[in-house]
Amino acid sequence: QVQLVESGGGLVQPGGSLRLSCVVSGTFFSLRTMAWYRQAPGKQRELVARITGGGIKNYADSVKGRFAISRDNAKNTVYLQMNSLKPEDTAVYYCNTVVDYLNYWGQGAQVTVSS
């Protein structure tokens with residue numbers, strides 16, 4: 001069974017940094033495209049960043065230059081380093097992968113950016 005377990009959310013002041021982690025089990029992690037999504041209150045879930053098994057990355061325009069996605073295949077873990085955080089980055093962040101055309105999600109990590 002595919003499982004994704006996130007950690008690393010919290011409360012941070014504007015301009016601060018956080019790193020999210022997502023540990024994946026039940027699938028060949030190194031082959032999987034991994035993604036981070038977020039959902040703010042009253043808004044639709046949106047793609048934040050994606051990294052392929054070969055390491056190709058892409059980002060939402062709103063986070064380019066501030067966020068960085070990476071992966072450690074030895075640890076079955078994908079990361080989201082978030083710098084220069086803004087109040088509009090406040091959301092629940094979800095780790096995601098697709099296996100056999102099925103979407104799998106982590107439990108979500110709350111990120112709150114506030115002074």
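Checked against the criterion of being free of Cβ contacts under 8 Å to residues at least 24 places away in the same chain and polar (S, T, N, Q), region 68-85 contains one or more residues that satisfy it. Scanning region 53-73 for residues that are of a type outside the set (D, E, K, R), part of a loop (DSSP other than H, G, I, E, B) and either within 22 Å of THR27 (Cα to Cα) or open to solvent by 50 Å² or more (accessible area, probe 1.4 Å) (or both) yields GLY53, GLY54, GLY55, ILE56, SER62, GLY65, ASN73.
Within region 26-52, restricting attention to residues that are among the small types (Gly, Ala, Ser), in a loop (DSSP other than H, G, I, E, B) and open to solvent by 30 Å² or more (accessible area, probe 1.4 Å), the residue that is farthest from LEU4 (Cα to Cα) is GLY42. Among residues of region 6-25 being more than 16 Å from ILE69 (Cα to Cα) and modelled with pLDDT of 95 or more, the one that is surrounded by the most Cβ atoms within 10 Å (Cβ to Cβ) is VAL12. Cβ-Cβ distances below 8 Å connect the following pairs, each with a first residue in region 10-27 that is in contact (Cβ under 8 Å) with a residue 60 or more places away in the chain and of a type in the set (D, E, K, R), a second residue that is surrounded by 14 or more Cβ atoms within 10 Å (Cβ to Cβ) and in a strand (DSSP E or B), and a separation of six or more residues or different chains: ARG19/TYR79; ARG19/LEU80; ARG19/GLN81; ARG19/MET82. Would you be able to say whether some residue in region 57-73 is in contact with a helix residue (DSSP H, G or I) (Cβ under 7 Å, 6 or more places away or on another chain) and under 15 Å from PRO14 (Cα atoms)? There is no residue in region 57-73 that is in contact with a helix residue (DSSP H, G or I) (Cβ under 7 Å, 6 or more places away or on another chain) and under 15 Å from PRO14 (Cα atoms).
The values are calculated or read from the model by the stated rules, or taken from the named source; none is laboratory data. Keep in mind that what you see is a predicted model, and the values were worked out from it rather than measured. Heads up, the Cβs are rebuilt from the backbone with ideal geometry, glycines too, and the neighbour counts pull from every protein chain shown. Accessible surface areas use protein heavy atoms only, side chains included; no ligands, DNA or RNA. Shrake-Rupley method; radii C 1.70, N 1.55, O 1.52, S 1.80 Å.
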